[in-house]
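J.: Before I ask anything, let me first share the structure, which is written out below as structure tokens.
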Amino acid sequence: MSPQPNRRATGGLIDRSVSLNFSFDGKQYGGFAGDTLASALVANGVTLVGRSFKYHRPRGFLTAGSEEPNGLVELRTGARREPNTKATTVELYNGLAAMSQNRWPSLAFDIQSINNWFSPLLGAGFYYKTFMWPGFLWEKLYEPLIRRSAGLGRLSMESDPDSYEKVHAFCDVLVIGGGAAGLMAALAAGRSGARVILCDEDFRFGGRLLSERTEIDGTPCAEWAANVVAELDGLPNVTLLPSTTVFGVYDGGTYGAIEKVSDHLETPGPGQPRQRLWKIVAKRSVLAAGAIERPIVFGGNDTPGVMLASAVRTYVNRYAANPGKRAVVFTSSDDGWRTIADLAAAGIEIAAVVDPRLQVAPSLGDIAKRAHAPVFLGARLREANGGHALASLSIIGADNRERQVRADLLAVANGSNPNIGLTNHYGHRPVWNEEISAFVADVLLPGMSVAGAAAGRFALADILRTGADAGAKAAEDTGFSATMPPVPATTADPVSATPLWHVDKSRGKAFVDFQNDVTAKDVALAAQEGFRAIEHLKRYTTLGMATDQGKTSSVTGLAIMAELTGRSIPVTGVTIARPPHVPVAIGAFAGIHTGPHFKPTRLTSGHRWAEENGASFVEAGQWLRPQWFSRPGEMDWLETVNREVLAVRNGVGICDVSTLGKIDIQGPDAGILLDRVYINMFSTLAVGRARYGMMLREDGFAMDDGTTARFSETRYVMSTTTANAAKAMSHLEFARQVLWPELDVQTVSITEQWAQYAVAGPNARKLLQNLFGLAIDLSPEAFPYMGVAEFEFGGTTVRLFRLSFSGELAYEVAVPAHYGDALIRRLMAAGAEFGVTPYGTEALSVMRIEKGHVAGNELNGQTTAGDLGFGRMMSKKKDFIGRTLAARPGLVDPERPVFVGFKPVDPSRRLRAGAHFLGLGKAATTANDEGYMTSVAYSPNLGHWIGLGLIKHGPERLGERVRAYDPIRNGDVEVEICSPVFVDPEGARLQHV
Amino acid sequence: MSELFAPLPAFETAFPISDGLTIEERSGIGLATVMIRKDQSAALVKRVRSLYGINLPASPSRAGTDDLAFIGIGPGVWLAAGSSSSGFTSMLANDLEGLASVSDQSSGYAVLRLSGPKARTLLQKGVPIDLHPSVFRPEKAAVTVIAHIGCMLWQTDEGAFEVAVFRSMAGSFHHWLAASAAI
């Protein structure tokens, strides 16, 4: 392992006994357990980590946390390659491989950094201005060019090999953020016995306490944090979720959080997800997400080596990694001054302390004195120089003299913005707090309180106290009696800040938004061109629109806009953050529901048998149904389907119809309910018989059809189409529970209970007789067409229906689904001597089209019972759902297209469903449209294509020819209007003896 | 040709194995929906108590034993569960004649029993209701959803969980189970 030149020998929260190897841009480095990728790079003296979005400027780390705008890398290789990963949030692991982004051919030499010289052309709004003309070049040239040169990492373009898990959790108190305030809140609530979940985005709890050298209760603050975590860990009512970021607040106290489960490993362990999506429902929450330090906008402020002061302290204190050897501190806040002592303690020379304020507290001056640091008050930095690495800074003193100072590290402090993005998620805007020069949450979300730095309380004592307060209050609100934990002793820390947003007369580019390359000049341009509203500024310049959502830039940008337009910050306005607070992989939202598992799949009990017998399956809603059963040597599906159809019509076939909806309707008033939901009469149906029925929607259109059988005085079993099973069920429930609660009738779906097979064809009776023997008399006299029976056979109940969708002698046999697999095997065995043929939905459909039966294509929500030829079935003796509105003028208009059959005049022509009918020689205009083809099939019995459809005055026009016009597939076929019943119009085959 | 049909379990694949978690299909059990007839509430409660010694729950909860339990799954609707499907529904239909409509569902649902200290943790991953012992106590029941699959869930008197899903969705449910069982 190579030495880590910038790593100190002692100190920090890293485990030097666990060495880790990793690579960056192919070069090998070493780090330690407890490092982030960023801290390990800093320890190895790597300052240049990326190229910027637009100008390809060299960039180093600005921060040490999830707000990082610069240090984005492509992590891992192959299908696991993850672009735009913040190196500051990646827990280092052995074998980690990362690549820098947006540079070619190398990070140090990037050809497109030439964009930097064309920057006058690339300012705000260049997109809209530069590539206006000629328009046709936009798609062909400009956009591809821009897309190639701008942008960030590359997708792997392979499917994600990892899995993601979803978890639900419930608690009394959710604490968001495990820093000083969050730990106190969790402690106060946890000790009360409330169910507490504590989340922190870091893999280690403690927040800023891990990065500072202050003491709490006389112990180093990081150690104090570890002690609190240990106590929380011991409480059974507290769940600790490190590496978990709460990214969104949703309705009813619901929070979204993403946990990195395996991101610290090269590949997830067996059975382990990469990440876990938490849906947390909390009665109360405490937002203790801390604050984010702000940069100062001055020339060259994006030079690698320019860092936020808080980040410098994190690298130096937490990771014992020195980001430089000679530092300047540029601070407008008291907090920035504490960096001086930390730098000195880490052995970093301090070249200058620059504070634009003319006066600071004497205690601050003492810190500088002890560190032998030259102090420049009333001063500012005009420019940072160095290109790939900071080399010098020019200071303009209070005397307006410019000095050059040599430095390889600049720590910038400009006050902090409370991290309150989550409080915006219901659409509330934060308000400006003049005292701390920052936005704070105004309207709080229901059940949420804010504590610590997130509430704008920056002194450690206040942070600890507000955290404890909020935790205790939250626990009490949820019914627990909480005692405030004593607030531990701390030393006073000055927290005053007078932010300096932008250094006037900066030399060189001064960046506001590092990730989207928005400069102070761009903000000025927006102001000059009238994009002064804060939302316009954002869209015009793209300020705050990068993956970091402007965490380090938005407030600065609007403050500069305020200065430029002579308005106050609150008047200028503020944008709001939206969920997710940090980018979340789409895979985490998808969870296990990808590919074929996108939605649950329903399999019939005969599925395995169908698979064994060569079925191809078709999706019917959630169901998979056998579409056909190919045999070796068959050239295409049509050949297979033709065989299946002929086998049924000439012998016997079996089809799985288990997916059809089945509803058990019981009670003395079952018949009355059916009379009211069907257009025809059912209360008069004899026990042991079935009847075809059609039901309408309330608005008078046809809803569903099927047969309903009567098994006893008080029991009917309804069948629905597969597609409308759930809809019909809820329709019945609504009718009996809401419309007519006075009826004594009960309904329940029994679709899942019964496996059901259609046995159709001239040999159907023989087959069943073979199977059932003496268990039932199937003679036409004993069991006529539309007869039903229930009997015991083979140790279970069998229901038999003599129904026919195919027009053949046919039955449907049902057994409890546990026996479905056994039934199909027994049916096949019983039919072997007749050459029984399994058939799928396609043959089923061909046969119903040959018989002119309507199905989903005709019951399409736009047709009435009258349109479909069932007008006379609508009973006049009773009321039923849809009756009144079915009589609307528009629904009884004689010009409405009506259901008939169609056959091609030239029998060799193929018909297409969806074709529209036009009079012969008529132009293809809407005015000439007479209706459309709903279903087509090749009829192997007739040897040509046949169709069903709706056409004006159809039944009166049998024999007339029209055009079936299908511009989408270049179809224009002359067809003859005919009866929809193509096969056996007399129905003789139904009665086959 | 009247030899017995052989029933098949709903789940074809073995369940994930881990310490502190036992998953088994309760195959062969009897299940039936029991829906109260109009104005027969008091009579039904009385009949069930006198015949089976069970207090029909008036809330989403379970009453009874593995031999016979009633699980409240809606207003005036129970799922009755018995140790064997054989004759189960007809027994209930006869016993409750005129007081309730009984429909056989012994094949309609695949019922899993999850027991062991990790059962709750596993189920909580998928269930959008609070399963904490202080909230979802023994004998509690819920009609809910796991991974977009509708289910009925209850706890036995001994603290084991039972989940009933549509039989046709057993494969999809198993997929969720296997993907979530690493605890």
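Bear in mind these aren't lab numbers, they're just calculated from the coordinates by the rules spelled out. Since this is a predicted model, take the numbers as computed values, not measurements. Virtual Cβ from ideal backbone geometry, glycine too; neighbours counted across all protein chains shown.
J.: Calculate the all-directions average of the projected area of the protein assembly as shown's alpha-carbon convex hull, and give it in nm².
T.: With the hull built on Cα positions only, its mean projection is 53.5 nm².
J.: Exceeding 23 Å between C-alpha atoms, which entries from my cross-link table qualify? They are A:Lys509/A:Lys551; A:Lys140/A:Lys521; A:Lys473/A:Lys551.
T.: Long pairs (Cα-Cα over 23 Å): A:Lys140/A:Lys521; A:Lys473/A:Lys551.
J.: Show me, bin by bin at 10 Å from 0, the whole-percent P(r) of chain B based on Cα pairs.
T.: Over chain B, the share of Cα pairs per 10 Å bin runs 9, 37, 34, 16, 3, 0 percent.
J.: Treating only the Cβ atoms of Lys and Arg (+1) and Asp and Glu (-1) as charged, compute the dipole magnitude of the range A:15-117 about its Cα centre; round to the nearest 20 debye.
T.: 300 debye
J.: Out of all Cα-Cα pairs in the range A:886-948, roughly what percent, to the nearest whole number, are more than 15 Å apart?
T.: So the portion of pairs separated by more than 15 Å is 59 percent.
J.: Given axes a ≥ b ≥ c from the Cα gyration tensor, I'd like to know whether the range A:348-408 is rounded (a/c under 1.5), prolate (a/b larger than b/c) or oblate.
T.: In terms of gyration-tensor shape, oblate.
J.: Cα to Cα, under 25 Å, and not fewer than 8 places away if on the same chain: which lysines meet these conditions relative to A:Lys166?
T.: By straight Cα distance, A:Lys166 reaches A:Lys86, A:Lys260, A:Lys279, A:Lys283, A:Lys599, B:Lys118, B:Lys125, B:Lys140.
J.: Still on this structure, please answer the following. Could you give the size of the charge dipole of chain A about its Cα centre, using +1 on the Cβ of each K and R and -1 on the Cβ of each D and E, expressed in debye and rounded to the nearest 20?
T.: Here the size comes out at about 1600 debye.
J.: Same structure again: Mind giving me the nanometre distance, one decimal, between the label points for A:Glu158 and A:Val738, set 7 Å out from Cα along Cα→Cβ?
T.: Going from the A:Glu158 label point to the A:Val738 one covers 5.2 nm.
J.: In peptide A:711-717, how many Cβ atoms from other protein chains are near each Cβ within 10 Å, on average?
T.: 1
J.: Same structure again: List the relative contact order of the range A:674-751 as a percent without decimals, with contacts defined as Cα pairs under 8 Å and 6+ residues apart.
T.: 19 percent
J.: Okay, next question. Putting +1 on Lys and Arg Cβ atoms and -1 on Asp and Glu Cβ atoms, find which of B:Leu177, B:Phe136, B:Ser115 reaches farthest to the positive end of the dipole of the range B:61-183.
T.: B:Leu177
J.: For the range A:394-503, which trypsin sites (Lys or Arg not before Pro) are in a loop by DSSP, counting at most 12 other Cβ atoms within 10 Å?
T.: A:Arg401
J.: So what is the 222 nm mean residue ellipticity for chain A from helices alone, if each DSSP H run of at least 4 adds -39500 (n - 2.57) and you divide by all residues, rounding to the nearest 500 deg cm²/dmol?
T.: -5500 deg cm²/dmol
J.: Over the alpha-carbon set of the range B:30-104, work out the extent along each principal axis and list the three values in angstrom, largest first.
T.: Over the range B:30-104, Cα extents along the principal axes are 30, 23, 21 Å.
J.: Could you tell me the relative contact order of chain A? Use alpha-carbon pairs under 8 Å, at least six residues apart, and round to a whole percent.
T.: About 9 percent, as a whole number.
J.: Please state the relative contact order of chain B as a whole percent: Cα pairs under 8 Å, 6+ residues apart?
T.: Once divided by the residue count of chain B, the mean separation gives 26 percent.
J.: First check a/c for the range A:894-990, with a ≥ b ≥ c the square roots of the eigenvalues of its C-alpha gyration tensor; if it is under 1.5, answer rounded, and if not, answer prolate when a/b is larger than b/c or oblate otherwise.
T.: Cα axes put the range A:894-990 in the oblate bin.
J.: Mean shadow of the range A:509-556, computed from the convex hull of its alpha carbons, in nm²?
T.: So the Cα hull casts an average projection of 2.8 nm².
J.: Once amide H atoms are built 1.01 Å from N in the peptide plane, which residues 5 or more positions from B:Ser83, or in another chain, come under 5 Å H to H?
T.: B:Gly30
J.: While we're here: Please pull out the direction-averaged projected area of the range A:461-554, using the convex hull of its alpha-carbon atoms, in nm² to one decimal place.
T.: So the Cα hull casts an average projection of 10.3 nm².
J.: Related question: Share of Cα-Cα pairs in the range A:15-117 beyond 18 Å, in percent?
T.: 44 percent
J.: How much of the calculated P(r) for the range A:295-414 lies past 21 Å, in percent of all Cα pairs?
T.: Counting every Cα pair in the range A:295-414, those more than 21 Å apart make up 27 percent.
J.: Another question, then. Within the range A:669-756, report the chymotrypsin sites (Phe, Trp or Tyr not before Pro) that DSSP leaves as loop and that have at most 14 other Cβ atoms within 10 Å.
T.: Here no chymotrypsin sites (Phe, Trp or Tyr not before Pro) fit, given the DSSP loop and packing criteria.
J.: List the chymotrypsin sites (Phe, Trp or Tyr not before Pro) within the range A:548-609 that DSSP assigns to loop and that have no more than 10 neighbouring Cβ atoms inside 10 Å.
T.: When the chymotrypsin sites (Phe, Trp or Tyr not before Pro) of the range A:548-609 are filtered for loop state and at most 10 Cβ neighbours within 10 Å, nothing remains.
J.: What whole number of Å gives the distance from the Cα centroid of the range A:722-777 to the Cα centroid of the range A:443-487?
T.: Value for the Cα centre distance between the two parts: 60 Å.
J.: Between rounded, prolate and oblate, where does the range A:645-802 land on the alpha carbon gyration tensor, with a ≥ b ≥ c its root eigenvalues, rounded for a/c under 1.5, else prolate if a/b exceeds b/c?
T.: Because a/c hits 1.5 or more and a/b exceeds b/c, the range A:645-802 counts as prolate.
J.: Still on this structure, I have one more. Along the positive direction of the dipole of the protein assembly as shown (beta-carbon charges: Lys, Arg +1; Asp, Glu -1; about the Cα centre), which of A:Ile679, A:Leu155, A:Tyr692 reaches farthest?
T.: Highest projection toward the positive end goes to A:Leu155.
J.: Let's see if you can work this out: charge +1 on each Lys and Arg Cβ, -1 on each Asp and Glu Cβ, no other charges. What is the dipole magnitude of the range A:548-634 about its Cα centre, in debye to the nearest 20?
T.: 200 debye
J.: In addition: Which one of A:Ser243, A:Leu778, A:Ile946 is farthest out on the positive end of the charge dipole of the protein assembly as shown, using unit charges on Cβ (Lys, Arg +1; Asp, Glu -1) and the Cα centre as origin?
T.: A:Ser243
J.: Evaluated at 20 °C with a viscosity of 1.002 mPa s, what Stokes-Einstein diffusion coefficient in µm²/s does the range A:163-233 have when Rh comes from the Kirkwood expression over alpha-carbon pairs?
T.: Answer from the Stokes-Einstein relation: 167 µm²/s.
J.: If one computes the Cα centroid of the range A:297-335 and of the range A:539-617, what distance in Å separates the two points?
T.: Between the Cα centre of the range A:297-335 and that of the range A:539-617, the gap is 32 Å.
J.: Now a separate question. Find the centroid of the Cα atoms in the range B:48-105 and in the range A:52-68, then give the distance between the two in whole Å.
T.: 66 Å
J.: Starting from the amide H of B:Arg26, placed 1.01 Å from N in the peptide plane, find each other amide H under 5 Å away whose residue is 5 or more places distant or on another chain.
T.: For B:Arg26, whose amide H was placed from the backbone, the distant partners under 5 Å are B:Val111, B:Leu112, B:Arg113.
J.: Which three extents, in whole angstrom, do the alpha-carbon atoms of the range A:583-635 cover along their principal axes, largest first?
T.: 53, 26, 17
J.: Taking amide H atoms as placed 1.01 Å from N in the peptide plane, list the residues 5 or more away in sequence, or in a different chain, whose amide H sits under 5 Å from that of A:Ser449.
T.: Amide H neighbours of A:Ser449: A:Ser285, A:Val286, A:Leu287.
J.: Just checking the output field for A:275-281: average partner chain Cβ neighbours within 10 Å of each residue's Cβ?
T.: The per-residue average across the peptide is 1.
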